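K.L.:
Shown below is the structure under consideration.
The values are calculated or read from the model by the stated rules, or taken from the named source; none is laboratory data. Bear in mind that the values here come from a model prediction, so they are computed numbers and not experimental data. Heads up, the Cβs are rebuilt from the backbone with ideal geometry, glycines too, and the neighbour counts pull from every protein chain shown.
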There are 2 protein chains.
Amino acid sequence: MVSALRAGAADFVLKPCNDDKGALDDVIGKLFDRVRVNRLNQLYRQELEEANRDLRDGIAELRADQRAGRKVQLRMLPEHEQVMSGLHVDHMIKPSLYLSGDFLDYFRISDDKVLVYIADVSGHGASSAFVTVLLKNLTNRLQRNLRRGSSEDILYPDRFLERINSELLDTGLGKHVTVFVGIISLSERKLNYAVGAHFPMPILSFEGGEAAFLEGSGLPVGLFETPEWEVYEVPLNKPFHLTLFSDGILEVIREKGLDEKERTLLELVSGGRHTIASLNEALHLEQITELPDDIAIVSVTDTMNGSDNTPSN
Amino acid sequence: MVSALRAGAADFVLKPCNDDKGALDDVIGKLFDRVRVNRLNQLYRQELEEANRDLRDGIAELRADQRAGRKVQLRMLPEHEQVMSGLHVDHMIKPSLYLSGDFLDYFRISDDKVLVYIADVSGHGASSAFVTVLLKNLTNRLQRNLRRGSSEDILYPDRFLERINSELLDTGLGKHVTVFVGIISLSERKLNYAVGAHFPMPILSFEGGEAAFLEGSGLPVGLFETPEWEVYEVPLNKPFHLTLFSDGILEVIREKGLDEKERTLLELVSGGRHTIASLNEALHLEQITELPDDIAIVSVTDTMNGSDNTPSN
């Protein structure tokens, strides 16, 4: 009984009033019960605390791994706020986990031509992030090939998609990707593009108010042996904004139904929200902590002087 | 007091013996204390249980992501138990997390030439696994280039390392890799190889008992702008076993000190443990659940008939 009192019942003042043996036994029995329950509770709590620590350790290890991966992945993204041939280009990427299956890049392919693409690998996380490494590597190689004159594939949106397609199939990762690739020529004031099943389509808006989703369609990349893609062309005869999105953007627009979501997006952009900062603000992207899908945006702003047609390069 | 009794003290038989007001207050006060402590305990337990559930959910999501990544990564590995030009080649890879920074591949580059390489990307996990995608993609391209006659880089161990080096630097992942690459020519009965800081060196053992680590050294791959690698050559004038390891293997050998670990490894192999299965058994790799580093092994067994020198292909 002393140990029972010590183990948790010691703060009870017990004064059995008579020497009724039964009552005393009863009290002592209940005390022991209480002590046992207390001990079980304590054990359970210890187990819970231990499990918690283990889980925290496990999650910390996995998170550290993913963070390191994310750091490596971020190194492959282009610089923010680049100005190329009179185009101001910026981007944002928000992965739903640490690693992103969304990818994008932009660079000059000649004095007055800028290529921009946005890609969304099937799935998300680590398995999809692998494909972004291939995209970056291929894009670098195609640029190098152009410089040394061994291949002009990078100058043609359809051939660009064909190259991604064959390397994806060849590397055998079992992943496909949707891609929009556009080449803006400022001397010719036009945009050529190809669509590898990308959705939603980029929004092209002109100074003065007109804004519309680009037209066009095409097969996803990395699924078929010898697919072909159509090349579309639109004139850029006024200062313009081109805004590219991955489909994750639609998930953070409250409206129901794809049509409504797309309309909302179009209204946002035509209302003047075509920079990364203003889209971020309008869609409260900073505040959202749990994304159902990766989100990527590229914004291209033409800094051409409205009054004359010479690129301000 | 009734609610106090209900809330957890009800199983106590309390019989204050006199109407000493102070003693009664004391008992009731202690009862309330006990009830409060019980409630706090209960709350704490609920919190712990909830935190546990959240952690389990979080870890499940991260694990599912990594498992998917691992599945994609495994697709890039060559088939087990391949027979190429009379060589029987097999491998194993055991990542310390889900994703591996160790990589390996083997394939025929001509009728009687087989290339085998093992690579260990700095670090482990997702960030390192990215590089393995580059390795696979590059290796495929170099094979394709050879077939269509546009580049013979894959025929030369040093040029193979140079290509990995330049693509790694170019893709900007900020990772380097140690590589051993060997080309076995069965008509010439020789092994040519280059060492990109790989450690431990592969073990070459001949029927009859001689076994030794290959000699040679060289810079790591992906760190320097224009490094050069030496090509080593050893004759293969007897049936041989070539066993390649990543350095993770040394972590599971109990002996202390690198020299002792290497000696143990050499003794194992020279004692006849040169297949994946026998190394697995000798080092109890199946039973080890928590690896400090990825482990990769490639075993090459020459099936040349000892009596004549014609490859048995």
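K.L.:
Is it the case that the range A:217-229 has a residue that's of a type in the set (F, W, Y), surrounded by fewer than 16 Cβ atoms within 10 Å (Cβ to Cβ) and over 25 Å from the mean Cα position of the chain (by Cα)? First the steps, then the outcome.
P.N.:
Taking the range A:217-229 as the starting set, the residues that turn out to be of a type in the set (F, W, Y) are A:224, A:229.
So of that shortlist, the ones also surrounded by fewer than 16 Cβ atoms within 10 Å (Cβ to Cβ) come out as A:224.
Checking which are over 25 Å from the mean Cα position of the chain (by Cα) leaves us with A:224.
Checked against the condition, which is being of a type in the set (F, W, Y), surrounded by fewer than 16 Cβ atoms within 10 Å (Cβ to Cβ) and over 25 Å from the mean Cα position of the chain (by Cα), the range A:217-229 yields at least one hit.
K.L.:
Any residue that is within 14 Å of another protein chain (Cβ to nearest Cβ) and under 20 Å from the mean Cα position of the chain (by Cα) - is there at least one of those in the range A:177-190? Quick ask: steps written out before the conclusion?
P.N.:
The initial filter retains those residues of the range A:177-190 that are within 14 Å of another protein chain (Cβ to nearest Cβ), namely A:177.
Pick out the ones that are also under 20 Å from the mean Cα position of the chain (by Cα) and you get A:177.
Yes, the range A:177-190 contains at least one residue that is within 14 Å of another protein chain (Cβ to nearest Cβ) and under 20 Å from the mean Cα position of the chain (by Cα).
K.L.:
Might you let me know whether the range B:45-60 holds any residue that is farther than 30 Å from A:P292 by Cβ, at pLDDT below 90 and part of a helix (DSSP H, G or I)? Spell out the reasoning first.
P.N.:
The initial filter retains those residues of the range B:45-60 that are farther than 30 Å from A:P292 by Cβ, namely B:45.
Right, trim to at pLDDT below 90 and you get B:45.
Add one more test, that the residue is part of a helix (DSSP H, G or I), and what stays is B:45.
Within the range B:45-60, one or more residues are farther than 30 Å from A:P292 by Cβ, at pLDDT below 90 and part of a helix (DSSP H, G or I).
K.L.:
Right, something else. State all residues of the range A:107-130 that are part of a strand (DSSP E or B) and surrounded by fewer than 23 Cβ atoms within 10 Å (Cβ to Cβ); if no residue qualifies, say none. Give the derivation first.
P.N.:
Keep residues of the range A:107-130 that are part of a strand (DSSP E or B), which gives A:107-110, A:113-121.
Within the range A:107-130, A:F107, A:R108, A:I109, A:S110, A:K113, A:V114 meet the criteria.
K.L.:
Any residue in the range A:44-58 that's more than 18 Å from B:G58 (Cβ to Cβ): show its pairings with residues that are at pLDDT 90 or above and buried (at least 16 other Cβ atoms within 10 Å of the Cβ) at Cβ separation under 9 Å, as long as the two are six or more apart or on different chains.
P.N.:
A:R45/B:L48
K.L.:
Consider A:L161 against the criteria (1) under 14 Å from A:L134 (Cβ atoms); (2) in contact (Cβ under 8 Å) with a residue 24 or more places away in the chain; (3) in a loop (DSSP other than H, G, I, E, B): it satisfies all of them except one. Which criterion is unmet?
P.N.:
All conditions are met except number (3).
K.L.:
Could you grab me the full set of residues in the range B:47-84 that are facing chain A (nearest Cβ under 10 Å) and polar (S, T, N, Q)?
P.N.:
B:N52, B:Q66, B:Q73
K.L.:
Follow-up question, since we're still on this one. Which of the residues that make up the range B:132-176 are among the β-branched types (V, I, T), within 13 Å of another protein chain (Cβ to nearest Cβ) and closer than 30 Å to B:P235 by Cα? Break it down into steps so the answer makes sense when it comes.
P.N.:
Going through the range B:132-176, the residues among the β-branched types (V, I, T) turn out to be B:132-133, B:139, B:154, B:164, B:171.
This time we only want the ones that are within 13 Å of another protein chain (Cβ to nearest Cβ), so: B:132-133, B:139, B:164, B:171.
Result: B:T139, B:I164.
K.L.:
Something else about it: Check every one of the strands (runs of 3 or more DSSP E) wholly within the range A:170-214 and list those with 2 or more residues that are of a type in the set (S, T, N, Q).
P.N.:
Numbers: elements: A:177-185, A:190-196, A:203-206, A:211-213.
Those strands (runs of 3 or more DSSP E) span A:177-185.
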